[in-house]
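Written below as structure tokens is the structure these notes are about.
The values are calculated or read from the model by the stated rules, or taken from the named source; none is laboratory data. All of these numbers come straight from a predicted model, not from anything done at the bench. Virtual Cβ from ideal backbone geometry, glycine too; neighbours counted across all protein chains shown.
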Amino acid sequence: MAMSDNFIGDMICPLYGEEGIKQRVYISIYTLKKQNKFCLNLEHEEVKLFYRECLLIFSTVDYQKQAYFFIDLHKMNDNLRMQIKNLVEKYEFIDIKLRKIPSFFNNISNEEYFYIFLDSNISLGPKIYISESLRLLNNGISIDRLNEAIKEPFESRSKLFSNLRENYDIHYYNPNKKYVYGKSNKDARKCKYCHRTKDEGATFISEAHAIPESVGNKTIISAEECDKCNAWFSTTLDNVFFESIKYFRTLYEKKGKKGIPKLKFANGTEMLHSGKTLIVMRDSKNDKLSKDGSVIIPFEFTINFMNVYRALTKFVLTVLPTDELHYFQDTIKWIMNIENNGNKRDLPLVAINYNTQDYLDQPTLTVYKRKNDNYSLPYIYAELRIATIAFVYIIPYTTNDTRTFAKKEDFDNFLKFNIHYENFKDWIFGNYSIDESIPFTINTTIKNKRSDSI
Ligand SMILES: [Zn+2]
């Protein structure tokens, strides 16, 4: 796996500052290989002019109606490239960083299709749809035939989307707003995990993060977790979860971002960011050579993957309302009873997508709660997105389910239902049903043999 440059990152013109902007607009550009987004602050008159002229480049004019229509799908050509270059030259006095815009467009070949949107947050489902249509178009399907080529999946998609809404309430936990889940009055709190109240000796002094702070969560806070349970979770499940994703988090971290710790792996390999460079230090006797002469560096972990599943489950329990908890008593027993003895349990698989293209600084959590008694579907499942990784997983051991979803046919039915994840095409599935720490290696291919950096 080479260092990905799929995600270039926000380019926010510093002149406009990020704080306190009221009239913020985004322009997102998607090619088959890359995406980028630009943020502009329209409080400045000259930025408004730049934005308007920029939109005109990507619009068509209806002379009869005397109106402009913004078009999101474009094919690159020299004329378009020139218009962008001229526009940026005209306005680069606003901010020299605008010069990055033409260089981004220069990386799009002539005749290549790309999308441009006036939006910054496009969720995973539509994103897959965008990349699918770009793939078809850039492989020679004409725009006329594109509609036909994706018409059928589109129709079944809208049908199945309504199927999703019929069966589930969807709760999205917004990382941009700090929120404490549970009772604010400490005297009235009861710990969700050990069930103790203040009268029974529980204290609620420290702030319990629903998703560990070590992986970026600062905003989703749990009120109903006592200090004792909080301390136990942070040394057990939170720690395991951090270990399981640290490689990806660091590898895809925005270049040059401060505060990324030096990571150490079981075989002594270390990884850190220095300025804009990702540095890997390792004992080269562990290296392997691939056929083309590239070096393969192993990163070794020891992980109890059932504990990763326990951690993922706990994140959801933390945000669930108290009146739901009686369905999850066996779930709580399971997450708190780490055996690490090789016992096997009937757990569903965990769906993982390691490269969702967007890098998220703050994790996001979406919880799907079934609102009927359609027991062929799980009562609660969730999507956790963190760094470039998405996990989709069923919350096990609830009394509101009549099956475990460990059976292939039950799990396949669940996958088929999730049309918004494109039926999990290209995802991988983790079997986390054995309660045991096992060695795990991620092999990373480095093309330049002489360099220590990726
Ligand atoms: Zn407790």
Review point. If we scan the range 52-70, do we find a residue that is assigned to a strand (DSSP E or B) and touching a residue at least 40 places away in the same chain (Cβ under 8 Å)?
Key: yes
Study note, to complete from the structure: Filtering the range 211-230 down to residues that are assigned to a helix (DSSP H, G or I) and within 13 Å of the ligand (Cβ to nearest atom) yields D227, K228, C229, N230
Study note, to complete from the structure: Of (1) of a type outside the set (K, R); (2) more than 30 Å from W334 (Cα to Cα); (3) in contact with a strand residue (DSSP E or B) (Cβ under 7 Å, 6 or more places away or on another chain); (4) modelled with pLDDT under 80, H273 satisfies every one except (3)
Exercise for review: Report whether or not F233 is more than 26 Å from E339 (Cα to Cα), within 16 Å of the ligand (Cβ to nearest atom), surrounded by 14 or more Cβ atoms within 10 Å (Cβ to Cβ) and of a type outside the set (G, A, S).
Suggested key: no
**Study point:** Meets criteria (at pLDDT 75 or above and either touching a strand residue (DSSP E or B) at 6+ places or on another chain (Cβ under 8 Å) or closer than 24 Å to L136 by Cβ (or both)) for L73
**Key:** yes
Check your understanding: In the range 295-323, which residues are part of a helix (DSSP H, G or I) and of a type in the set (S, T, Y)?
Key -> Y309, T313, T318, T322
**Study point:** Number of positions in the range 363-410 that are more than 30 Å from K218 (Cβ to Cβ), without any contact (Cβ under 8 Å) to a residue 40 or more places away in the chain and assigned to a loop (DSSP other than H, G, I, E, B)
**Key:** 7
Exercise for review: Could you tell me which numbered condition N307 fails, if it satisfies all but one of (1) at pLDDT 95 or above; (2) over 19 Å from S244 (Cβ atoms); (3) surrounded by 22 or more Cβ atoms within 10 Å (Cβ to Cβ)?
Suggested key: (2)
Review point. Restricting the first residue to the range 179-205 and requiring it to be more than 9 Å from E225 (Cα to Cα), which pairs with a second residue that is hydroxyl-bearing (S, T, Y) and away from the ligand (no atom under 15 Å from the Cβ) meet a Cβ separation below 8 Å and a spacing of at least six or different chains?
Key: Y179/Y173; Y179/T219
Review point. Quick one: is R370 modelled with pLDDT of 95 or more, surrounded by fewer than 22 Cβ atoms within 10 Å (Cβ to Cβ) and over 22 Å from R165 (Cβ atoms)?
Key: no
Check your understanding: Looking at the range 194-208, is at least one residue more than 16 Å from the ligand (Cβ to nearest atom) and out of contact with any helix residue (DSSP H, G or I) (no Cβ under 7 Å at 6 or more places or on another chain)?
Key -> no
